[in-house]
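This report refers to the structure that appears directly beneath it.
The values are calculated or read from the model by the stated rules, or taken from the named source; none is laboratory data. Please read all numbers here as calculations on a predicted model, not as lab measurements. Neighbour counts run over all protein chains shown; Cβ positions are idealised from the backbone, glycine included. Remember, those area values only see protein heavy atoms, side chains included, never the ligands or the DNA or RNA. Shrake-Rupley method; radii C 1.70, N 1.55, O 1.52, S 1.80 Å.
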Amino acid sequence: MSTKTPSEDDILRPMHTFTKKYVLLFAIAALALGAFLVGWMYQLQQGMAVTGLSDWGSGGGVTWGLYIGAFIWWVGIAHGGIILSAAVRLLGMDRYMPVARLAEMLTLAGLSAAGFYILVHMGRPDRMVTSVIGHYHITVNNSPLVWDVTVITAYFVLTATYLGLTLRYDIARLRDDLPSFSPNVGGKQLPDLLAPVYDVLTLGYTKAEDKVIDRMVWWVALAIIIMAPLLLHGGVIPWLFAVLPNYPSWFGGIQGPQFLTIALTSAISGVILLSYAFRRAYDWDHIITDDIFRGLLLWLGFFCLLFLWLQLQQLATGSFHSTTTHSYATASKLSHPMYVGPMLMVLGVLVYIFAQTIRPSLFSKGRAIAAGLLVLTATLVEKTYFVLSGFWYPSFNIYDGSPGEYFPSVIELLSIAGTIGMVTLFFLVLSKLVPVVELHAVEHLRGDHGHGHEHDHEPVEESAEQPEVEA
């Protein structure tokens, strides 16, 4: 374990470091995004026929495919990320404070990728405008998808506000023109070139607002935790599927909690990958410690267990005295590789996590990364199968005679690489603009609580006194 003391210089290092590896990663991410943009331009020219999507029905393909499956996947990662960050603040889980901001940034990046998928799936970008203007009474008043757009937009605004409030504290103390606020700052400062950006982010800032911001952040975190099961990945998005009785694979009250567990497993896996990348790139082993990875793995195991349990509930109810259509849908789950494969992946991760808790020597950061990658792959494939199976086994057979079968096209597959590249570029650029680890995290790690970080809001203090909430 590292004996180095965390400092402001540590969290400023990404903003002052420019290496060949950074340039190479930037180029690879840009190439992946560029390849998809070229494919999308071709799709715009030729129409949606270049994708694997075709006629509606179990025989003639599906109208929703990988695009919508990936959309749900990115939304889940985003919602799970902000839930993780909110829980850190709301429950006083200071152990995970070094990765809280990474989770918040993952939310903004994930929501951006999800929104991009909606734009791509509409076929023509102008439909984002023309479907509303002139047809408001039809497309807005009567469309459940508008709820989806509404809650995603609301969460984007909440997360941006949440992140912006905490950044004001950091930037004000790390700028070289506020030395009275920065008694512990080392040799590095925020880049002078970005001074106009920092001027906007700290507009009207005074040190007296710190306690007010602490309370505001606490209440925003509470709102996020409350909204998650009611409106977000436990509410509106699964309701778009769960209330359709003609689609046995979708219909049912279990979709809400199941979507929520998938979101949390995906987000924790994403945070594990991001944390390892930044730790390795900037020598942050004394900030993002092995203890954090162990704790994140335990939480991942807990939500993997819930995820598999809820899947078992669906299999049990779909197999025992179910309707004919439910039986077909359940039989597909028991035999289709797009479902069986992800379940085995998640089960394998769960077995490893439980094994390394019994035998700690099995833990390694490499295995933690492998577990995260397996879960992310499993949830993407499972969500795509979930979308497809609804169209494969409807309770009506009007389209059974339609020829054709769905399989993702090259353009659709490129969209996964493209959006991952877009999210990677998001972090590469943002890490040069603002600290991706909070100053509060550094102060906490070195036992320095004298910079306005005292949480005078009583519920936060009470939660922080309960060690059992930490993994």
From the helices alone, meaning DSSP H stretches of at least four residues, give me the mean residue ellipticity at 222 nm for the chain, per-run term -39500 (n - 2.57), in deg cm²/dmol to the nearest 500. -22500 deg cm²/dmol
How big is the gap, in Å, between the Cα center of the range 243-315 and the Cα center of the range 65-92? 9
Local electrostatic count, P342, Cβ distance below 13 Å [Lys/Arg +1, Asp/Glu -1]: +1
What's the angle, to the nearest 10 degrees (0 to 90), between helix 66-90's Cα axis and the longest principal axis of the chain? 30
Starting from the Kirkwood Rh over alpha-carbon pairs, what translational D in µm² s⁻¹ does the range 278-348 have by Stokes-Einstein at 25 °C and 0.890 mPa s? 165
Need the full-extension length gain, I28 to L373, defined as separation in residues times 0.36 nm minus the C-alpha distance. One decimal, nm. 122.3 nm
Å² per residue, accessible surface of the chain at 1.4 Å: 44
At each listed q (0.26, 0.28, 0.30 Å⁻¹), what is the log10 of I(q)/I(0) that the Debye formula gives for the range 253-302 modelled as equal alpha-carbon point scatterers? -0.93, -1.01, -1.08
For the chain, list log₁₀ I(q)/I(0) at each q in 0.11, 0.13 Å⁻¹, using the Debye formula over Cα point scatterers of equal strength and ignoring solvent, two decimals each. -0.94, -1.27
Could you compute the FRET efficiency for V200 and T63, with r as their C-beta to C-beta distance and R0 at 56 Å, rounded to 0.05? 0.85
